[in-house]
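The values are calculated or read from the model by the stated rules, or taken from the named source; none is laboratory data. Not measured: the values here are computed from a predicted model. Here the Cβ is made from the backbone with ideal geometry for all residues, glycine too, and neighbour counts use every protein chain on show.
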Amino acid sequence: MNQQQPHTGSYYAATVNEITDYAPLRGTQRADVCVIGAGFTGTSTALYLAERGYNVHVLEANRVGWGASGRNGGQIIGGISGEEKIASHLGAEGESIVWEMRWAGHAIIRERIETYNISCDLKWGYLDVAIKPRHIRDQQAELEALQKHNFPYEYRLLSRHETATIIGTNAYIGALMNMGNGHLHPLNLCIGEARAAVSLGTTIYEQSPVLRIEHGDNPRVITADGSVTADMVMIAGNAYHFTEKKLRGSMFPVNSFIIATEPLTATQANAINPQDLAVCDPNFVLEYFRLSADRRLLFGGRCNYFGNDPEAIKGKLVPKMLRIFPQLGRSSPPVSL
Ligand SMILES: Cc1cc2nc3c(=O)[nH]c(=O)nc-3n(C[C@H](O)[C@H](O)[C@H](O)COP(=O)(O)OP(=O)(O)OC[C@H]3O[C@@H](n4cnc5c(N)ncnc54)[C@H](O)[C@@H]3O)c2cc1C
């Protein structure tokens, strides 16, 4: 893996609340739990354990939130890939267990933002947009599931016309609005959770790539300049973690990129997203977008590209964005990136 890199250049990195500067690991340390990776998975685990009195040490190769957690769409959407299959393995209670899991993350995010006063531009409201008739059928099924489980937030199906009114595009044939989903600044959430864990006694080491793990009753996690011996080790390195051979075959890295416009005028923003909703389409190679707190359009999508040249990413995503919102290409002042 690439080691010890600063945050990738992004809207999120440019608007971060705090530039973290946790010292690298030096010497030998002892912990109840050693967590590898300080993205959402690692920081959330550390905070959860710290709240319950565990002594947690977190080793991060780069910076807190350096990976996917600090550069994603920021959309909070209930749903787990392969829900039905998971439920079928869990017996009679399977469906309700999976339904609870689906929304548990939302509750955790709400609660932590309040408890630890994390400033991360949290907004509620989301549109699941439909491109094909089968997407409408899926949305109808989702609506019925929300009804069945007495989902406590506003939700409703929107016609093609209502969808066009709410997000200023004719690209979709309908949508399911769900005010229980939402969006936020993911890097600030991740850094806020890390700060909260540290306030409860967790130790975080940045610029400390784990080179190997010595397995056993008391596993030892080893970096270039030190080690942490722990009762348990949690691997939270996402697709970047290559030290454990066993994990390699079970991970499938997928790429996705996001572009950000310059801040839109109030009129431009009102024309495309007056309710400040997060929006995502249901395609496997999906597109998703939302406004940032300073009214930029953050537009994300997959593209067949594995480099990191911003101009190449722009070249692929700008036409996709203008296909949804052609008015941004001819607006005055023109929208720039
Ligand atoms: C462009 C994009 C858009 C997305 N949009 C959304 C969205 O809108 N909503 C949503 O819910 N999800 C979204 N996702 C997915 C989401 O971001 C990820 O599922 C989530 O961030 C994964 O968190 P993580 O902590 O597991 O991994 P990461 O955030 O990737 O963190 C892993 C960390 O582990 C560290 N690490 C790896 N190996 C080592 C090692 N050997 N030693 C020490 N540290 C190590 C890395 O440096 C990294 O910081 C998106 C992802 C991308 C890429």
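All conditions but one from (1) surrounded by fewer than 20 Cβ atoms within 10 Å (Cβ to Cβ); (2) more than 27 Å from ILE97 (Cβ to Cβ); (3) small (Gly, Ala, Ser) apply to GLY174; the one that does not is (1). From the list SER96, SER69, the one residue that fits, being under 25 Å from GLY42 (Cβ atoms) and either surrounded by 15 or more Cβ atoms within 10 Å (Cβ to Cβ) or modelled with pLDDT of 90 or more (or both), is SER69. Within region 269-303, if we keep just the residues that are part of a loop (DSSP other than H, G, I, E, B) and of a type in the set (Lys, Arg), the residue that is nearest to ILE173 (Cα to Cα) turns out to be ARG302.
So, LEU264, is that one closer than 17 Å to LEU328 by Cβ and either of a type in the set (A, V, I, L, M) or in the same structural domain as GLU162 (by TED's automatic domain parsing) (or both) or not? When the stated conditions are applied, LEU264 passes them. Counting only helices (runs of 4 or more DSSP H) wholly contained in region 1-119, the ones carrying 2 or more residues that are among the aromatic types (Phe, Trp, Tyr) and either assigned by TED's automatic domain parsing to the domain that holds TYR205 or within 16 Å of the ligand (Cβ to nearest atom) (or both) occupy 11-14, 40-51. Could you go through region 167-176 and let me know if any residue there is modelled with pLDDT of 95 or more, out of contact with any helix residue (DSSP H, G or I) (no Cβ under 7 Å at 6 or more places or on another chain) and not assigned by TED's automatic domain parsing to the domain that holds SER44. No, the conditions are met nowhere in region 167-176. The residue list LEU264, LEU291 contains one member that is in contact (Cβ under 8 Å) with a residue 12 or more places away in the chain, touching an Asp or Glu at 6+ places or on another chain (Cβ under 7 Å) and crowded, with 20+ Cβ neighbours inside 10 Å, which is LEU291. Pairing each residue of region 6-32 that is closer than 19 Å to ARG71 by Cβ with any residue that is among the aromatic types (Phe, Trp, Tyr) and surrounded by 11 or more Cβ atoms within 10 Å (Cβ to Cβ), provided the two are 6+ apart or on different chains, yields C-beta distances under 9 Å for PRO6/TRP66; HIS7/TRP66; THR8/TRP66.
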